[in-house]
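Data first, discussion second: the structure below is written as structure tokens.
Since every read-out is calculated from the coordinates, none of them should be taken as a lab result. Because the structure is a prediction, the values reported are computed rather than measured. Cβ atoms come from the backbone with ideal geometry, glycine included; neighbour counts cover every protein chain shown.
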Amino acid sequence: MRCLLGLGLAIAALAASPGLAKDTPPKTDPKVEALHVVQDGETLAGIANRAEVPRVLIIEANHLKAPYAVKAGQKLVIPRRVSHTVKPGETTFDIAMDAGVPWEQIAAASGIKPGAKIKPGQKLVIPTLAGNAAMVPSPTISTDPPKGLPDTVAPAFAWPLQGKVRRAYAAPLGSNPGHEGIDVLGTEGSAVRASAAGTVIFAGQGPEGYGLTVIIYHSGRWTTTYSYLGKITVKEGDKVKAGERIGLVGQTGLASEPQLHFEIRRNKLALDPARYLKPIPQKTAPITR
């Protein structure tokens, strides 16, 4: 009896050993993880230090609320990041579009204010979009296909605005820059809708001539651009569904009358939207002028 009791105690002691307990969580390294499971005794500051990711990015990626306490077993997205050197002539618009990441997030990761001016040679930190790390275009690529990014089929793009096509797409030819999208006439103040689901990576004053602009990053290597807007109704970082309103028809930029300038891009290269959009209903047949 005494021997059996001793054996039972020994087995219990072994089962309680940290090295053999089945429910003991494995050791993890936030520095290489995309998803970290909080361990006993860990703090957000400690996890951020070990992950080498700014604490504010982890807070934003996981929508944490003050006082930002974490508890054992909680799962945290660890936004990975890469560095980018500003090129001559490059704007915050260009960087956000190339990276597929809202400029506000890039500014936060780089420790600068969203409205701060950038200059050639400046080093920036590009965080990945939370929960979508494998789908974010590389910020180091210009016109070449992003490395390691899946070459997905085009999303099911829908018309962002029903109206007559004032100006069609035209490919560049010689010294003629062409027309990188389509211009669709509309009633001022009418809704402009997301052509496909995605994440808003730019919302504000676009490059010269574009006026108020929204850019949405979709899957793989695809983005859509909506310009000449009179008002923007989304902000950078918003996730939008197909058909969700992102702005209102306006007459900003080079627009001579209320209309929408719409582009579909793959690897930053503008493509003819007519190849990807469903045929226009008969009552809104394309016109040229």
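Note on the stretch 32-79: dipole from Cβ charges, positive end direction compared against 62, 35, 48; the farthest Cα belongs to 62.
Each principal axis of the Cα cloud of the stretch 165-284 was taken in turn, and the coordinate range along them, longest first, works out to 38, 33, 33 Å. Remark: for residue pairs 65/231; 117/268; 119/231, the C-alpha separation exceeds 27 Å in 65/231; 119/231. The dipole here belongs to the stretch 165-284: it is taken about the Cα centre, uses +1 on the Cβ of Lys and Arg and -1 on the Cβ of Asp and Glu, and is about 440 debye. Put in order of Cβ neighbour count within 10 Å, fewest first, the listed residues 272, 40 become 40, 272. By the count of neighbouring beta-carbon atoms within 10 Å, fewest first, 193, 50, 275 end up ordered 275, 50, 193. Residues 125, 184, ranked from the fewest to the most other C-beta atoms within 10 Å, line up as 125, 184. So what's the net charge close to residue 72: Lys and Arg +1, Asp and Glu -1, counting the other residues with Cβ under 9 Å from its Cβ? Charge balance in the 9 Å sphere: -1.
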